[in-house]
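Comments concern the structure below.
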Amino acid sequence: MTARRTGTAALLTLTALAATATACGSADSANTSLFASGRVSVGVKSDQPGTSKLDHYQPLGFDITLANRLLKKLGAEPDFGAVPSEDRSTVLTGKKKDLVIATFSITTERMADLDFVGPYATTNQGVMVRKNDPRITKPADLNGKYVCAWPGTTSADTLKKMSSSIKVYEAPDASSCIEDLEKRKTADAVSTDQMILYGFTQEHPDLRVVPHVTLGPLNRYGIAMDKGHRDDCRALLDALRDYLTGSDWSQDFAAALPAIPRADPLWESHYKPRVDTLDAYSCRDKPAP
Amino acid sequence: MSTPEPPRDIHNSPTTHGDHSIAAGTIRNVVIRWALQHPSASWLPLLLACAAVVLAGTAWPDGPAAQYALWGTLTAVSLGTATARVLVRRPDDARRAAVLSLASVLATVGGWLAFRDVATHGEIDATGTVTPQVRRSLADGAHVTLTLHTTAPEDTRNALRLTLAIDDSDPAAPTCRPDSSAQVSLLSSGLVDQHEVRPGDTAAFSLGGQVSTVRIDIRLVTARGCLMDLRATRATLYDE
């Protein structure tokens, strides 16, 4: 009788343990999905017209359109919040944001800490000057000039590697660089990705992007997320693949950044990534192959 | 009446006739009896197996461990059976002792032959002999000449496998790895043998004979504005 009771108790304990383990497993898998709640916190830039600007708390720009399009496909809605360039990685690893869509270039170093979905746009680094300033027409003309960049981007490093004669300095943010160039005239040029620079020219008609001056390697923008969400990463990748395959990408890009189609007749081949390149950069710890 | 005996084939006869003659059969019996019954003889297979291991150790040619699998297996068999032979002490275990001795000796000989085959034709890890080990910050179209030199005459082989790593020179810059590749060709051979190698891929070359020095030309292909590091992560010489 005692033996039977002990056996029954052991069986019940095992059943309870198994049930607990199953429940925990289900809870974990449900919690790990970034899209499960239907609301996704998305870090964006707040001061880049054309790509991402929070105008009186109304987000506008290509990054914003992209976030809305892709998350809608996944049955979720974005909650946008401003993120400075230098904090784009830490807000993800610190779990303050679920995604960052903020003209964030895919690099080997960043891929080690974050997962990317992309590229969703490609752009070269370029140079912006005052409209009536003819001094800079080729990269060598930057020697001896004051060129402004801002922290947390790859732009300043590219300039420093090009030539030690370029007087590169970093202002606190993009707006400060624009002010230095346009109003204070302490900068001779601002250098960052051409896609961002063309966005600025839409709000600052006194500035222009120098045509045919490109610096460094091609930047590929990716949607970043913390590691550990590979299923979400692949779902987002499929949504991006669909988006790039149809005509929506071109329409949305031209609507958000009309200055680019006006300046560059081949804008689609320069800024739209090829669908077959997505797997080399997406949901990996290191770029393929 | 008795019938006369047919003539005997004296060359194949185990017996001999005449003064001081010893039959071959008698010699065989003496040797076998000594090998099976003398206390010292039980150690012979083990000594032979150990000698083979020591000789292999002094002439160890390195290279991938997998190619020594057959040698390792046969050596284990020879040592195991030789040890078992030493432990067989009872006089009535003559048949078992004979089988163990024979197995041990055969495994030792087989292991030695397997080892010699690896030493003569096996793969040699020549990664450490490649110069330069790494070239940094190369732009599109840059040429690099890698030289691989083996000093020991027994390390010459007629084929080479080369694995190349092509990585971003600055990991903090936009990545160019998926856009990069290398055109690799032999300089020291008259053969036209060019390979397109993606980062982490391996190219195999026929060297056109046993050579000790190999020179390889590498042309980097990458996107505009990219700077890449190029490194030979593995170089293996082997015989085709």
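Every number in this text was worked out from the coordinates using simple rules, so none of it is lab data. These numbers were taken from a predicted model, which means no experiment stands behind them. When we count neighbours, we look across all protein chains shown, and the Cβ atoms used for this are built from the backbone with ideal geometry, even at glycine.
So here's what we get for this one:
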| item | result |
| --- | --- |
| Ellipsoid semi-axes in whole angstrom, largest first, where each is sqrt(5λ) of the Cα gyration tensor of the stretch B:124-238 | 27, 14, 11 |
| Residues with amide H under 5 Å from that of residue A:127, placed H, sequence gap 5 or more | A:210 |
| Centre separation in Å (Cα based) which lies between the stretch A:162-216 and the stretch A:108-125 | 22 |
| 5 Å binning of all Cα-Cα separations within chain A, expressed as whole percents from 0 upward | 1, 5, 11, 15, 16, 14, 11, 7, 4, 3, 2, 2, 2, 1, 1, 1, 1, 0, 0, 0, 0 |
| Efficiency of FRET from Cβ geometry, residue B:161 and residue A:133, R₀ 51 Å, rounded to 0.05 | 0.35 |
| Rounded, prolate or oblate (a/c below 1.5 giving rounded, otherwise prolate when a/b exceeds b/c) for the stretch A:124-217 by Cα gyration tensor | rounded |
| For chain A, size of Cβ-based charge dipole, Lys and Arg +1, Asp and Glu -1, in debye | 380 |
| Relative contact order %, chain A, counting alpha carbon pairs below 8 Å whose residues are six or more apart | 25 |
| Within 10 Å of each Cβ in B:163-174, the average number of Cβ atoms from other chains | 5 |
| Global size of the stretch B:162-213 as Cα Rg and Dmax, reported in angstrom | 14.1, 44 |
| Inter-chain Cβ neighbour average for residues B:177-185, partner chain, 10 Å | 3 |
| Three-way shape label, the stretch A:111-161, alpha-carbon gyration tensor, a/c 1.5 | prolate |
| In order through the stretch B:65-78: 3J(HN,Hα) via Karplus (6.51 cos²θ - 1.76 cosθ + 1.60), integer Hz, x for Gly, Pro | 5, 4, 6, 9, 4, 5, 4, x, 5, 5, 5, 4, 5, 5 |
| Charge dipole magnitude, Cβ of K and R +1, D and E -1 - the stretch B:79-127, Cα centre, debye nearest 20 | 440 |
| Alpha-carbon centroids, the stretch A:250-278 and the stretch A:43-92: separation in whole Å | 19 |
| Calculated FRET value between residue A:275 and residue B:117, using beta carbons and R₀ = 56 Å, to 0.05 | 0.65 |
